Every structure is written in structure tokens, then in C-alpha cells.
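Here's the structure, in C-alpha cells; my notes come after.
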Amino acid sequence: MSTPILLQVESLSRSFGKFQALSDVSLEIPRGRLCALIGPNGAGKTTFYNVVSGRYRPTRGRVFFEGRDITGVPPHKLVKLGLLRSFQITNIFPALTVLENVLAPLAVMHGMSFAFWRSLSSQQKLVEEALTILERLGLAGQSHREVSTLAYGDKRLIEIAIVLACRPRLVLLDEPTAGMNPEETERMIRLIHELAAHSEITFFVTEHDMKVVFSVAQTIFVLNQGRLLAQGTPEEIRANPAVRQAYLGGSLDAERA
Amino acid sequence: MRIRRAGSLWIVASTAFLAAAPFFLSTYWILILTEILTMSLFAMSFNLLFGYTGLLSFGQAGIFGAGGYLAVLSLLHGPSSLWGAFAAALAGSALISLVIGWFCVRRDEIYFAILTLGFGMMLFTVAHNWRSLTGGSDGLGGFTLPPLDLFVWRGSLADPRHFYFLVLAVALIGAILLYRMVNSPFGLMLRSIRENTQRLSFVGADVRAVRLCAFVVAGTLAGIAGVLFAFFNRIASPEMLHWAFSGKAVLMTILGGSGVLLGPAVGAAIFFVLEHVITAYTTNWMVFLGAILIVLVLAFPRGVLGSLLDLVQRYRGRPRS
Ligand SMILES: Nc1ncnc2c1ncn2[C@@H]1O[C@H](COP(=O)(O)OP(=O)(O)OP(=O)(O)O)[C@@H](O)[C@H]1O
Ligand SMILES: [Mg+2]
């Protein structure tokens, strides 16, 4: 039996020197529920991901993944457990091809990091698996292009492709649409929606664009100055006075109009 | 596909040329070719770290020299066996690289370079100051080359042509090993580390272990190249371990093309041919050699071979795999 709660965070805090970037945040992510984390610039969203994904140690608090305490477990071990993250600043392998960007994590997953005598291109299973992922993202046609020559939006998709190659159960997406134009944003959102609906993967997304958040998320968490301000369905969040205050009413109203 | 075929045609042709060279080239040029092949192996081993993994090692000469000394020591104090000498150098340089690498692969970029420089200086000092064992600054010579015992046929390493064949065979084996390696899943790990170390470790790879493996393979090949070098010169000398000698590998690799398997070999060929042609005309050859190298590096930003391959690719319009 798998627990209905995939990720459980208990009074998580993180400070940098005297500055409290995250204070006493507790939340739960149910399996299969598309959740979003929002908050103004500097609210601590990336810090939250950095702590949950093992990049930073928390100053206080615990993190449980599928009921197992993963506080302070390093990122590469979390990958093996199925907890993955993407990066706000595109973090891929620039001079490698699109295919190689996906083959690299796949080779790691298949325990082939040290296979030095086999030819990479003759690893049928690996290549097919990579192409399946690329097809899902609409990138298969460009599999032999160097990723540094791709359009910005496609580079962001490579980020997702690398994450998918690791067979995740929970994916933390840090502003997947950061810096994208409206069409690219639209495509990314549709993709996340589709992946969330047609796979076993649970997504937890941070996003600036309110329109996007309110259209895709089933549950929204609002972070402000390192504290969890509110949580609930899009409707509840929209109606929440504290949230409206934090956002000065601006973007929430604009979205309604 | 067509690029592949054209590429393999070139490789077959140059291998055939190298194999046939002793039958039509003068001894003078055979000696130069021997030097080129030896330095090619050394520089290719360096390129596995530099061009493929993104690690600049200034300690490569230290391991190269250690291989040379170990082989000579094994001939002086052990049996007069060519394979024994190679085995001693192989085991010794693998072990030394394992120890040095264990410390160095923990750091990136300039810190890695400085660590390898430090270890290289230590190895140099051992070779230079441990007079009773290494002969100090005079180097370690006075050994007789064992016969080239191929079980069915016995050659003599005193014959430059027989020696050349030995070097050619060893360099080819090294090149084939490296070729398989860079085109394998392991090779993809190396290039991914070069491109984005942190990202690779975030997908669960043990980056340190992968780097350490590359370091040991590169060091072992460098040690073997050192054996050929010491046998060719009939002496193992401390200069072989000096970091300036690592600089030669850097120069040849950048000249020919880093991240291209045969780039360092092309770089070594250009370097030695220029050196021999220019010294025939002037004693100030360093000035001219330097000037020509500067022009080449400026004209071929990705190395001579690297830039040529890019050019071919642009005309054919397909990316290199
Ligand atoms: N490594 C660090 N050292 C010191 N301060 C940090 C560090 N990382 C984050 N901070 C600070 O913590 C606060 C929260 O930053 P964080 O990046 O988590 O915000 P965010 O919500 O992701 O913002 P944005 O919407 O701009 O991405 C900021 O004030 C930031 O300056
Ligand atoms: Mg952020």
C-alpha cells in the first residue's frame, strides 16, 4: 500500500546568517495532486525547493518522502528514491545533443556509468527510451541538434526531459516557464497538465504567472517572507484576504478581469 | 553516414601509411615518426581528461615520467624482459594515478589543476633528489634494451624500424581503447561532466568515481607512453616529470583539437615536423616555432583537426555524433 501523502514537510526553517529565508513551513502534498507554490520575489520558493531536494540542509524541521525521513539526504540519493527537481535557471548539458542530454541520465539510471567498452549508439533500449521521452515533449525531430543551439523554450523542455529520464514520482518544478514568451508558456503548461494527468508523476510547481497558476493547480500554497501564508484550492486562495494583501490586490484582480 | 565513411577512409589510409612507413622513409624520418607517436599517446591520454572530462591536469608528465623510471628500474634490477618492464610501469602508473586522482578529483577547474601541479612537483622532486635510486639530475640510463620477444618472432629494439613498430602497435592499442571509451556510456558521462558536473550529480551519478576512473586510465596510458619515451632516448630523466612537459601535452592538444580523439596526435605531428624543418634552417627555431604556433591557434580556434571537422560538417550539414 502506498501512502496517499507523497511529501510531508514539518516546520521547515532555513536561515542564511541572520536572515530567515524560510520559517516554520509545514505542508503536505498528496499523491497525484497538481500543486503549486506561489509567492512574491524573494519569498523563499527556490530556497524551499533547495532544502526539500537536499541541496541545502534545513536549519530546523523535517522532510518525509513516502513516509521516509529524507531530511538532509543528498540530491543524488533522492533521485534514486524518485524525488527530482528542475531548475529556475536552465541547467542542462549545453554542448551535447538533445538525445545525449536524455541518454546521460538514462545511462546513470541503468547503472551503465562505467560501461566503457560498449558502444553507446548500439544500446537500443536506452536510445528507444530516450526517443520516447523526446517524442512526448515534441523534441524527437531535433534529437541530433546541440542543445546550445535550441530556442529558449526548447532548452527549458530539455530540463524536463532530463527529469523524466530519472523516472520520478515527485517532481519539483522551479518556475518552468521563467523567461518564456506566451506561446512557450502555453505549451509548457499544457505539457505539465498532460504529464500530470497521464502518468504516475506528481508535480509541485512554482510559478510567477498567476493566470497559469490558477488555471492548472489543484492546490495552491502561498509563501510570503519565508512563511506559509495560506493554502487551498484556487477559489479559496483568490478569496483569501491575507493573500490579497500580500499581493496588494494587483495581480489577483488583474487575472479576474 | 557519409562523414563516418569518409572519416574511416582517412583513418584506414593513415594507419596504412604508418604501417608501411619503415619501408620507404629514411631512418631520420622514422625516428621523428616514433617521437610523434609516443607524444601522441601521451597527449591523447591528457586529452581524455582535458578535452573530454574538462579537467586540466598539469601532473600528467609526473605519471608519464614515473612510468619511464619504473620500466628502466625494472630492467636494471629485475629480469631483462620487455613485457616485465611494461607490466611494472603499467601497474606502477595505475597505482600512482589512483592515489593522486583520489585527492584531485574532489576539486574542479583551477583547483584541480593546482592539485595535479602539486603532485607533479612532488614526483619531479623524487626523481630529481633521490640520487641513489634515480641517478638524480643525470637521469637513469645504462640499461640494455631487451629483445623484442613476440614469441614467434624476435626483433631487436636497437633497430629503429623494429622499435618504431613497437611504438606504433602500442599507440594504436591506446587509440583504440580511447576510441571505444569515448563512444561508450562511460564516455558520455565524461562529456556530461565537462558540460555540467553539478547537473550530472543531481541525476544520481557518482561524479567523483567516474572522474577517478578517467584519471587512472589517462595516467596508465601516460605511464606507458613514458616507457616508450625512456626507451627511445635510452634514459629516464627528471625533465620527463616536470610540469613544463605537461605543458607540451596541453600545447599539442590545443593545437590539434581538444575533445577530438585524434586532435592531440595531429597536434604532435605538426609540432615535431615544424620543429625539425625549422631547426634545419635556423638556431633561433623557438622564435619561429612559437610564431607559427600562435598563428595556427588563432586561425583554428577549435584546433587544426577540430576546426577542419567542423568545416566538413558545415558543408555536409549534419552534426557530428
Ligand atoms: N544561498 C543563499 N545565501 C544567502 N541568501 C540567500 C541564499 N539563497 C537565497 N537567499 C535569500 O533568501 C531569500 C529567498 O530567496 P529565494 O530564491 O528562495 O526566493 P524565491 O521565492 O525563489 O524568489 P524568486 O521568485 O525571485 O525566484 C532571498 O532574499 C534571497 O536573497
Ligand atoms: Mg526562485
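The values are calculated or read from the model by the stated rules, or taken from the named source; none is laboratory data. The structure displayed is predicted, hence computed values, not measured ones. Glycine also receives a Cβ, built like all others from the backbone with ideal geometry; neighbour counts cover every protein chain displayed.
Remarks
- Test for A:Ile70: is it more than 13 Å from ligand 1 (Cβ to nearest atom) and assigned by TED's automatic domain parsing to the domain that holds A:Ile189: yes
- Residues that are assigned to a strand (DSSP E or B) and free of Cβ contacts under 8 Å to residues at least 40 places away in the same chain occur in segment A:228-238; there is at least one.
Residue-by-condition table, conditions (1) farther than 24 Å from A:Leu83 by Cα; (2) touching an Asp or Glu at 6+ places or on another chain (Cβ under 8 Å); (3) within 16 Å of ligand 1 (Cβ to nearest atom):
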| residue | (1), (2), (3) |
| --- | --- |
| A:Gln142 | yes, yes, no |
| A:Arg145 | yes, no, no |
| A:Ser148 | yes, no, no |
| A:Arg167 | no, no, no |
| A:Ile189 | no, no, no |
| A:Ser199 | no, no, no |
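- Filter pass, A:Gly17 being of a type in the set (Gly, Ala, Ser) and either within 16 Å of ligand 2 (Cβ to nearest atom) or touching a residue at least 12 places away in the same chain (Cβ under 8 Å) (or both): no
- Scanning segment A:34-48 for residues that are under 25 Å from B:Gln198 (Cβ atoms) and more than 16 Å from ligand 2 (Cβ to nearest atom) yields nothing.
- Looking only at residues of segment A:10-20 that are surrounded by fewer than 22 Cβ atoms within 10 Å (Cβ to Cβ) and in contact with a strand residue (DSSP E or B) (Cβ under 8 Å, 6 or more places away or on another chain), we find that the one that is farthest from A:Thr59 (Cα to Cα) is A:Glu10.
- Residue pairs meeting the criteria (Cβ under 6 Å; at least 6 apart or on separate chains; first under 30 Å from A:Ile38 (Cβ atoms) and in contact (Cβ under 8 Å) with a residue 40 or more places away in the chain, in segment A:85-102; second assigned to a loop (DSSP other than H, G, I, E, B) and aromatic (Phe, Trp, Tyr)): A:Asn101/A:Phe93
- For segment A:118-140, the count of residues that are at the interface with chain B (Cβ under 10 Å from one of its Cβ atoms), more than 16 Å from ligand 1 (Cβ to nearest atom) and on the phi > 0 side of the Ramachandran plot is zero.
- Of the residues making up segment A:146-158, those that are in a helix (DSSP H, G or I) and either in contact (Cβ under 8 Å) with a residue 60 or more places away in the chain or within 22 Å of the chain's Cα centre (by Cα) (or both) are A:Val147, A:Ser148, A:Tyr152, A:Gly153, A:Asp154, A:Lys155, A:Arg156, A:Leu157, A:Ile158.
- Residue check, A:Glu207 acidic (Asp, Glu) and away from ligand 1 (no atom under 16 Å from the Cβ): no
- Checked against the criterion of being at pLDDT 90 or above, of a type in the set (Val, Ile, Thr), surrounded by fewer than 22 Cβ atoms within 10 Å (Cβ to Cβ) and more than 16 Å from ligand 2 (Cβ to nearest atom), segment A:49-64 contains one or more residues that satisfy it.
- Applying the criterion of being of a type in the set (A, V, I, L, M, F, W, C) and outside any helix (DSSP H, G or I) to the residues of segment B:165-207, the residue that is surrounded by the most Cβ atoms within 10 Å (Cβ to Cβ) is B:Ala205.
- Filter result for the condition that a residue is small (Gly, Ala, Ser) and more than 25 Å from B:Val210 (Cα to Cα), over B:Gly120, B:Gly59, B:Gly68, B:Gly92: B:Gly68
- Exclusive hit being within 16 Å of ligand 1 (Cβ to nearest atom) and over 20 Å from the mean Cα position of the chain (by Cα), set A:Ser11, A:Ser53, A:Ser86, A:Ser15: A:Ser15
- Residues of segment A:188-224 that are polar (S, T, N, Q) and either touching a strand residue (DSSP E or B) at 6+ places or on another chain (Cβ under 8 Å) or assigned to a helix (DSSP H, G or I) (or both): A:Thr202, A:Thr206, A:Ser215, A:Gln218, A:Thr219.
- Residue in segment A:203-214 that is away from every other protein chain (no Cβ under 14 Å), away from ligand 2 (no atom under 16 Å from the Cβ), of a type in the set (D, E, K, R) and over 20 Å from A:Tyr49 (Cα atoms) present: yes
- Test: residue in segment A:75-96 that is surrounded by fewer than 15 Cβ atoms within 10 Å (Cβ to Cβ), closer than 30 Å to A:Leu12 by Cα and more than 16 Å from ligand 2 (Cβ to nearest atom): yes
- Yes/no for A:Leu164 being within 23 Å of A:Leu99 (Cα to Cα) and either within 14 Å of chain B (Cβ to nearest Cβ) or free of Cβ contacts under 8 Å to residues at least 24 places away in the same chain (or both): yes
Per-residue answers, yes or no, for (1) part of a loop (DSSP other than H, G, I, E, B); (2) under 19 Å from A:Leu191 (Cα atoms); (3) at pLDDT below 90:
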{"residue": "A:Glu100", "(1), (2), (3)": "no, no, no"}
{"residue": "A:Pro105", "(1), (2), (3)": "no, no, no"}
{"residue": "A:Met112", "(1), (2), (3)": "yes, no, no"}
{"residue": "A:Ala130", "(1), (2), (3)": "no, yes, no"}
{"residue": "A:Ile133", "(1), (2), (3)": "no, yes, no"}
{"residue": "A:Gly138", "(1), (2), (3)": "yes, yes, no"}
{"residue": "A:His144", "(1), (2), (3)": "yes, no, no"}
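- Among the residues of segment A:101-117, those identified as within 7 Å of chain B (Cβ to nearest Cβ) and in contact with a helix residue (DSSP H, G or I) (Cβ under 6 Å, 6 or more places away or on another chain) are A:Leu103, A:Ala104, A:Pro105, A:Ala107, A:Met112, A:Ser113, A:Phe114, A:Ala115, A:Phe116, A:Trp117.
- Pairs with Cβ under 8 Å, 6+ apart, first in segment A:35-56 and farther than 19 Å from B:Gly204 by Cβ and touching a residue at least 60 places away in the same chain (Cβ under 8 Å), second part of a helix (DSSP H, G or I) and more than 13 Å from ligand 2 (Cβ to nearest atom): A:Ala36/A:Val213; A:Ala36/A:Val216; A:Ile38/A:Met210; A:Ile38/A:Val213; A:Gly39/A:Ala246; A:Pro40/A:Ala246
- Among the residues examined, A:Arg33 qualifies as part of a loop (DSSP other than H, G, I, E, B), away from ligand 1 (no atom under 15 Å from the Cβ) and away from chain B (no Cβ under 14 Å).
- Residues of segment A:105-128 that are more than 23 Å from A:Pro75 (Cα to Cα) and touching a residue at least 24 places away in the same chain (Cβ under 8 Å): A:Val127 alone.
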